[in-house]
Amino acid sequence: MVSFKSHSIKNGSCKERRYLLIVLLVSLLFLLRPYFLSISIKNEKRILVEGGKEFGVANTKLLTICHTLFYAACLTEAILKRAGFDALSAIGFILLLFSMAMLYWVIQLLDPIWTVKLMLVKNHRFVDHWLFQTVKHPNYFLNILPELVGLALLCHATYSFSLLFPLYAFILYRRIREENRLLQEVIIPNGKI
């Protein structure tokens, strides 16, 4: 009887550690955001000083709210379910690592002009890197979408994903449509870098 009880305590303790691992990983990812945001803010200030302009302000605010809400909802769902880290969580975490690596790469490629906002520098020109030729809008398709799917998988957040992903996708669609318009009307006519 004693060995059964201690085995049960060990299993409970293991499950608790797997649950806490999810909370820790989501918290670390959320804490990584200010680093990327600081790059954006630095670039935003410089772009405006140099005569650049912001577009789609209301849509950017909606994206920011939705992104924050998505993180909060997934984490809350993981806490309420007491979800434990497992194979599905591992796949989600790998997707999250991929998305952060892609974000870092896109920032490196666009560094002086990359922002979380939709901004154009004066005489903005198209960055003709093979990544942008191969994947249109890699920041959205290789960073944001894998990040959202990865977060939902990591947290086992099926309800959060089902409710918020369609809304996020619609707001992101509006952003991409606006960005495509600017590409065709402003950026591409200015030439390539």
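Residues that are without any contact (Cβ under 8 Å) to a residue 24 or more places away in the chain and in a helix (DSSP H, G or I) were ranked within segment 126-144; the one that is least open to solvent (accessible area, probe 1.4 Å) is 132. One residue alone among 84, 92 is over 21 Å from residue 38 (Cα atoms) and either among the basic types (Lys, Arg) or modelled with pLDDT under 95 (or both), and that residue is 84. In segment 148-162, the residues that are at pLDDT 95 or above reach residues that are of a type in the set (Val, Ile, Thr) and open to solvent by 10 Å² or more (accessible area, probe 1.4 Å) with C-beta atoms within less than 7 angstrom, at least six apart or across chains, in these pairs: 153/91. Residues in segment 92-120 that are open to solvent by less than 30 Å² (accessible area, probe 1.4 Å) and touching a residue at least 60 places away in the same chain (Cβ under 8 Å): 92, 96, 100, 103, 107, 114, 115, 118, 119, 120. Here the condition is being open to solvent by less than 50 Å² (accessible area, probe 1.4 Å), aliphatic (A, V, I, L, M) and out of contact with any helix residue (DSSP H, G or I) (no Cβ under 9 Å at 6 or more places or on another chain); of 39, 47, it holds for 47 alone. In the condition set (1) open to solvent by 20 Å² or more (accessible area, probe 1.4 Å); (2) in contact with a helix residue (DSSP H, G or I) (Cβ under 9 Å, 6 or more places away or on another chain); (3) more than 22 Å from residue 175 (Cα to Cα); (4) of a type outside the set (Lys, Arg), residue 67 is compliant with all but (3). The single condition from (1) within 20 Å of residue 164 (Cβ to Cβ); (2) in a helix (DSSP H, G or I); (3) open to solvent by 20 Å² or more (accessible area, probe 1.4 Å); (4) out of contact with any Cys (no Cβ under 8 Å at 6 or more places or on another chain) that residue 75 fails is (4).
The values are calculated or read from the model by the stated rules, or taken from the named source; none is laboratory data. Predicted model only: the values in this text are computed from it and were never measured. As a convention, Cβ positions derive from the backbone with ideal geometry for all residues, glycine included, and neighbour counts pool all protein chains shown. Each accessible area value is taken on the protein alone, full model and side chains, heavy atoms only, with ligands, DNA and RNA left out. Shrake-Rupley method; radii C 1.70, N 1.55, O 1.52, S 1.80 Å.
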